[in-house]
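One structure is given here, and the rest of the page talks about it.
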Amino acid sequence: MKKSTFFILMAVIAVNLAVWIGFNRKVPDQPDWTGKIQGVSFSPYHEGQDAMKKIYPRPDQIDSDLRVLKGQVNSVRTYSSMDGFENIPGMAVRYGFGVTAGAWLDKDLEKNEKEISNLIRNAKIYTSTIKRVIVGNESTLRGDLTVEQVIQYIRRVREQVPCPVSTAEPWHVWINHPELAKNVDYIAIHVLPFWERVPIDQAVTWVIERYNQVQQAFPDKPVLLAEVGWPSLGERWGMSKPSRVNQAMFIRQFLNVAAEKKMDYFIMEAFDQSWKIPLEGVVGAHWGIFDIHRQLKLPMEGPVAKHRPIPVEFFISMFLGLAPLLIYLNQRFSQPNNGRLLFAVILQGMVSAMVWMLFIPINTELLFMERIVWALLLPLQAGLLAIVLINAFEMSEMLFPVGLKRVFRPFLPGADRSWPKVSLHMAICNEPPDMVAKTLDSFASLDYPNFEVLVIDNNTTDPAIWEPVKAYCEKLGERFRFFHLGKWPGYKAGALNFALNATASDTAIVAVVDSDYIVRPNWLKSMVPYFDTPKVGFVQAPQDHREWEGSGFKSMLNWEYWGFFQIGMVHRNERDAIIQHGTMTLIRKSALEQVGRWGEWCICEDSELGLRLMNAGYESVYVPESFGKGLTPDSFAGYKRQRFRWAYGAVQIIRRHWRLFLPWNQASNLTMGQRFHFATGWMPWIGDALNVLITWTTLFWVVGMLTMPWIFGQPLYLLLFPTMGVFIFRMAHFMMLYKVRIDCSFKHRLGAAVAGMALSHTIGRAILAGFTTSNQPFLRTPKCENQRAVVKGLRMASEEVLMLMGLFLAAFGIMDKFGTDNPEMMLWVVALLIQALPYLAAILTSMINVAPVVRSEIQKSPIWDFRSRLGITFGRRQLSQS
């Protein structure tokens, strides 16, 4: 092992260890509890039983639950004296429990009478067991009964029972209604810091403060903490987080403080109650110190949670990451060490992230539905991490390009050589004659002795469009030949195959140029000599653009395009795996014939041809110097259509040729480097499709969470970190590579980033359509010519506008329902806003596109004319001298 490899490996291990230790915080030690709990709220419902559906526990189940509590607690509190619960005092005698018996009061006055009657009867019968009674539970808080009604019930019971009587309400209800206190023997308060959004580290102190507050308000009455506790699972509520660890911390702290202060209390509650989910959400089902299966959930002694100074996940991540690290480092000796270190750290980081996600169900208590969501999202998360690795590999080589070996430059031709014949093919369809004429003029100016030009017009029905082009070709001389095909199958590939049939027999090289390009005179002489090497199948120059200066929209597009040709294509060229483009490309004619000509089934016939040429054993040459410039799309709608076509065509290629990319496919002639780039090169686009799916799923879940919280709980926030991290990494990847590789200003880099981001939704939809349909779906061009420019701008991004509105409404809905003090839900809000950025970028790009027209419309408006008459321009008054 070389020294550099050893030191890089040690650095990776050190960084990985530091991260795992940093996030592996030890839970603070809590005081042990070895005594009995004074009392617990006792609702003996089992799985499948439901108070709302009137499915109540059987007597044997109640007895079994009392047996579970024997030796653990001194007394139990009941909430009802009907439906079998009136039997609890008699059963409790066998186990030596004291009982605080309750009567459930609500709007059903007839049922209330039965509750009161049974409560009074039991209190008279079980005088040694029932120590006190509670008439109603939060009846005033719910609004089921008025304070006066509750007082009347209390008075009736007090007159007939031999034990103390009260009602149970949250602490603040007692403070706000002191008249209640005048009619009870003791104050039964509910103090649940979770519902008050109190952080766990302040919870016990807060309970004691509320207890003292009530005691001071009613100094002549004993105070009972009729409910006090903390949930073990469910939705976060403000700064309050439910978990088993937090429940154990709270219970152990509280029990010791209560014993020290000799407080009277009932822990909320004995057993988990799944039937409460529709009422209180997931958290409502998990207040018990025993779970639904009657297993104790929290340790009363020793550590609250197991802790290893170095988590086992670190060792697993290193075990899984070591082999790919060593393979990469040992195969990349020629790469600069800083590039090797960068990729090695990111590679190990992605392995560790995957291990962390795999351990979520082990380290976090999840509900069944949450486990389903975790399992479904895991492949998507793995795909996003793979995209990070692909981008990181590109970064490691392109940020430090001194390690690149396969570099091509334009030839400086000598005087004494023969020049093979080149046939220039240009397919056109409904193209403006003036624009095509400029391209033909640039062909006529080529400094090359042996070439012909074939112009193939297909599917243009208006003679006024194609006849001027034909006439111009005739004017340029015999080198230029024009063919009008009328209705012709195969789109551009069909036209190019026709041209191939009409090509001169002595042609050695076929060149393809788009109809809007103006080529440099030295293009052919600078590139053709590469064909002296028999293995070269095609030679590619980058796409470049003109007439974008002075237009904010076209400037954004220009720099976005240029980034791919100076970063992505250069990187792919290192392993002879470039994407062939249908303009500024030269192809060996014999190779083109050998592999079966242009593929008319594919809308990206150029990229598909390049792949077939490579699989046939031919090499490619990429010279990253501009030899021709075309026009950018005029509108955002056109920009979207173009990228939709490219992305859809990429999926067509994947579906037809995916077997060629498999490492073990011996029938494929592609090198491993070519397989890697063709298998992974489109992954960022697939990532856009994953983001579309994740966005749709997120919106669906948020709607469900806001409207049906008993079904859709708060989503697992832990799964947000990879998604948000991938987005941040991709933006950093873009900006860093542009800074190093693209000679443009920060403003232009930012504009390119916005333009690229604006296409995320379009690309994602194209990828999904490509995998689910057989033919290219029709992408309608907005018919907005007679509308205001602002309306046109919004309509060109209509889908993005709707998605943005949905994400914003979802974010506002979450904040309205859960508040802004819930860190986990605010993390979801942040994630929604991050997901909204591509849609915002699309709208911004579209509006920049129409901005000049907007200014023109404003200047033509009556208001502007009125301002001009007053001599007001842009807020400044101009005074004319008479």
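The values are calculated or read from the model by the stated rules, or taken from the named source; none is laboratory data. Quick caveat, the model's predicted, so the values are computed rather than measured. Here the Cβ positions follow ideal geometry from the backbone for every residue, glycine too, while neighbour counts run over all protein chains shown. Heavy atoms of the whole protein, side chains included, go into the accessibility calculation; ligands, DNA and RNA do not. Shrake-Rupley method; radii C 1.70, N 1.55, O 1.52, S 1.80 Å.
Okay, residues lined up against (1) in a loop (DSSP other than H, G, I, E, B); (2) of a type in the set (V, I, T):
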residue: P31; (1), (2): yes, no
residue: G48; (1), (2): yes, no
residue: M52; (1), (2): yes, no
residue: D60; (1), (2): no, no
residue: S64; (1), (2): no, no
residue: V76; (1), (2): no, yes
residue: M82; (1), (2): yes, no
residue: I88; (1), (2): no, yes
residue: V99; (1), (2): no, yes
**Asked** In this structure, does E313 turn out to be in contact (Cβ under 8 Å) with a residue 12 or more places away in the chain, charged (D, E, K, R), in contact with a Gly (Cβ under 7 Å, 6 or more places away or on another chain) and part of a helix (DSSP H, G or I)?
**Response** no
Of (1) in a strand (DSSP E or B); (2) touching a helix residue (DSSP H, G or I) at 6+ places or on another chain (Cβ under 9 Å), V173 fails just (1)
R371 meets each of (1) modelled with pLDDT of 85 or more; (2) open to solvent by 40 Å² or more (accessible area, probe 1.4 Å); (3) basic (K, R) with one exception, condition (1)
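Residue by residue, here is whether (1) touching a residue at least 24 places away in the same chain (Cβ under 8 Å); (2) over 21 Å from T583 (Cα atoms); (3) among the aliphatic types (A, V, I, L, M); (4) outside any helix (DSSP H, G or I) holds:
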site: L440; (1), (2), (3), (4): yes, no, yes, no
site: L446; (1), (2), (3), (4): yes, no, yes, yes
site: I456; (1), (2), (3), (4): yes, no, yes, yes
site: V469; (1), (2), (3), (4): yes, no, yes, no
site: Y472; (1), (2), (3), (4): yes, yes, no, no
site: P489; (1), (2), (3), (4): yes, no, no, yes
site: A499; (1), (2), (3), (4): yes, no, yes, no
Among residues of region 553-604 being of a type in the set (G, A, S) and in a loop (DSSP other than H, G, I, E, B), the residue farthest from A616 (Cα to Cα) is G582
If we keep only residues of region 487-503 that are open to solvent by less than 20 Å² (accessible area, probe 1.4 Å) and in contact with a strand residue (DSSP E or B) (Cβ under 8 Å, 6 or more places away or on another chain), then the residue nearest to N458 (Cα to Cα) is A495
The condition of being more than 30 Å from V223 (Cα to Cα) and hydrophobic (A, V, I, L, M, F, W, C) holds, among L325, L296, only for L325
Residue pairs qualifying under the 6 Å Cβ cut-off, at least six apart or on distinct chains, with the first in region 652-673 being exposed (fewer than 11 other Cβ atoms within 10 Å of the Cβ) and the second being among the polar types (S, T, N, Q), are R659/N665
Within region 265-288, restricting to residues that are over 36 Å from the mean Cα position of the chain (by Cα) and of a type in the set (A, V, I, L, M), the one that is most open to solvent (accessible area, probe 1.4 Å) is M268
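Quick grid of which residues meet (1) farther than 19 Å from R252 by Cβ; (2) surrounded by 20 or more Cβ atoms within 10 Å (Cβ to Cβ):
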residue: T146; (1), (2): yes, no
residue: Q149; (1), (2): yes, no
residue: V207; (1), (2): no, yes
residue: V223; (1), (2): yes, yes
residue: A226; (1), (2): yes, yes
Reported set for region 42-85 where residues are acidic (D, E) and open to solvent by 40 Å² or more (accessible area, probe 1.4 Å) is E47, D60, D83
Margin query: It is to be established whether one or more residues within region 649-672 are touching a Cys at 6+ places or on another chain (Cβ under 7 Å), over 30 Å from K792 (Cα atoms) and either at pLDDT below 95 or of a type outside the set (F, W, Y) (or both).
Written below: yes
Log entry, pairs with first residue in region 103-120 being farther than 12 Å from V157 by Cβ, second being open to solvent by 70 Å² or more (accessible area, probe 1.4 Å) and in a loop (DSSP other than H, G, I, E, B), beta carbons closer than 9 Å, six or more apart or on different chains, reads K111/W104
When every residue in region 577-591 that is over 32 Å from the mean Cα position of the chain (by Cα) and open to solvent by 10 Å² or more (accessible area, probe 1.4 Å) is compared, the one nearest to G628 (Cα to Cα) is R588
Just one listed residue, out of R417, R406, is part of a loop (DSSP other than H, G, I, E, B), over 22 Å from S626 (Cα atoms) and open to solvent by 10 Å² or more (accessible area, probe 1.4 Å), and it is R417
Q. Just a yes or no: is a residue in region 511-526 surrounded by fewer than 15 Cβ atoms within 10 Å (Cβ to Cβ), within 15 Å of E605 (Cβ to Cβ), in contact (Cβ under 8 Å) with a residue 24 or more places away in the chain and not β-branched (V, I, T)?
A. no
Just one listed residue, out of V422, V436, is over 39 Å from the mean Cα position of the chain (by Cα), assigned to a helix (DSSP H, G or I), more than 30 Å from V345 (Cα to Cα) and hydrophobic (A, V, I, L, M, F, W, C), and it is V436
Counting only residues in region 316-338 that are assigned to a helix (DSSP H, G or I) and small (G, A, S), the one most open to solvent (accessible area, probe 1.4 Å) is identified as A323
